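The block underneath contains the structure these notes are about, expressed in structure tokens.
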């Protein structure tokens, strides 16, 4: 179907006798045809470029933390929230890109990233898709405060042959945002655990402050009974045991760390490092690792 402007010109031309048009010379005819061709080219040029609402969300984290997560998601070989085949439930074969001509409106501000998947068969959650084509995702990251960051995500599918764009119904954008948000929270939790571990190690390894006097054992203990009591007190401070059901000996002080081995119930452990939520321990056979404070208790 011709654009509205072309139809109007055709009607105007048909209202005049043919002989009059040609007798007046080729000028009017060619001018009308030239304008019609210009309009057609204008319509054609708009194909393959999408102007959609996209998805905008805010992450409670500094921009640097969000950028780190976005870069990781961009380099993952999948596009979240869409697929071509029911059995897969994921669109694979994605890669990061420096740019994409699938988007007609360049962002005014923010740091921009792209991820594309080429030669994709009509993915789900893109409206009226057909044929093979390319899925392009654009991420625009911008700080909105010291600890808040805005992310705009746009997703479009462009057919390979007809170059027709198809906007996502929002599922892709929301899924990509959720993947970024989850990764930011995971990274923050690991950083918190690592910071607590460092604080605990510093507390355990603390040297006496200037002027601080550590009383010798001889002055603190005046009898065998007192010595035994002190040994018992120290034992309760540095030894613990696992609760009923046992515990997991971890390679690092966070729940996602690798499990070195499961520990049975009532397994006695020597405390080496103390943090707010984790104990650095040594087993009776000399293996070291980490246990969560909820999985151990003091010796009776």
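The values are calculated or read from the model by the stated rules, or taken from the named source; none is laboratory data. Not measured: the values here are computed from a predicted model. Neighbour counts run over all protein chains shown; Cβ positions are idealised from the backbone, glycine included.
Residues are listed down the side, and each one gets a yes or a no for (1) over 16 Å from residue 172 (Cβ atoms); (2) part of a loop (DSSP other than H, G, I, E, B); (3) in contact with a helix residue (DSSP H, G or I) (Cβ under 9 Å, 6 or more places away or on another chain); (4) assigned by TED's automatic domain parsing to the domain that holds residue 168:
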{"site": "84", "(1), (2), (3), (4)": "no, yes, no, yes"}
{"site": "87", "(1), (2), (3), (4)": "yes, yes, no, yes"}
{"site": "114", "(1), (2), (3), (4)": "no, no, yes, yes"}
{"site": "123", "(1), (2), (3), (4)": "no, yes, yes, yes"}
{"site": "128", "(1), (2), (3), (4)": "no, yes, no, yes"}
{"site": "134", "(1), (2), (3), (4)": "no, no, no, yes"}
Within segment 100-111, does at least one residue satisfy the condition of being in the same structural domain as residue 156 (by TED's automatic domain parsing), at pLDDT 75 or above and assigned to a helix (DSSP H, G or I)?
no
Output yes when any residue across segment 148-156 is at pLDDT 90 or above, in a loop (DSSP other than H, G, I, E, B) and in contact with a strand residue (DSSP E or B) (Cβ under 6 Å, 6 or more places away or on another chain), and no when none is.
yes
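Every residue, every condition in (1) more than 19 Å from residue 186 (Cβ to Cβ); (2) at pLDDT below 90; (3) touching a helix residue (DSSP H, G or I) at 6+ places or on another chain (Cβ under 6 Å), yes or no:
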position: 247; (1), (2), (3): yes, no, yes
position: 257; (1), (2), (3): no, yes, no
position: 262; (1), (2), (3): yes, no, no
position: 268; (1), (2), (3): yes, no, no
position: 274; (1), (2), (3): yes, yes, yes
position: 291; (1), (2), (3): yes, no, no
In segment 284-299, how many are closer than 18 Å to residue 244 by Cβ and in a loop (DSSP other than H, G, I, E, B)?
1
All positions within segment 103-119 that are surrounded by 12 or more Cβ atoms within 10 Å (Cβ to Cβ) and either within 22 Å of the chain's Cα centre (by Cα) or over 23 Å from residue 140 (Cβ atoms) (or both)
103, 107, 110, 111, 112, 113, 114, 115, 116, 117, 118
Can you give me the number of residues within segment 160-184 that are without any contact (Cβ under 8 Å) to a residue 60 or more places away in the chain and over 20 Å from residue 105 (Cβ atoms)?
3
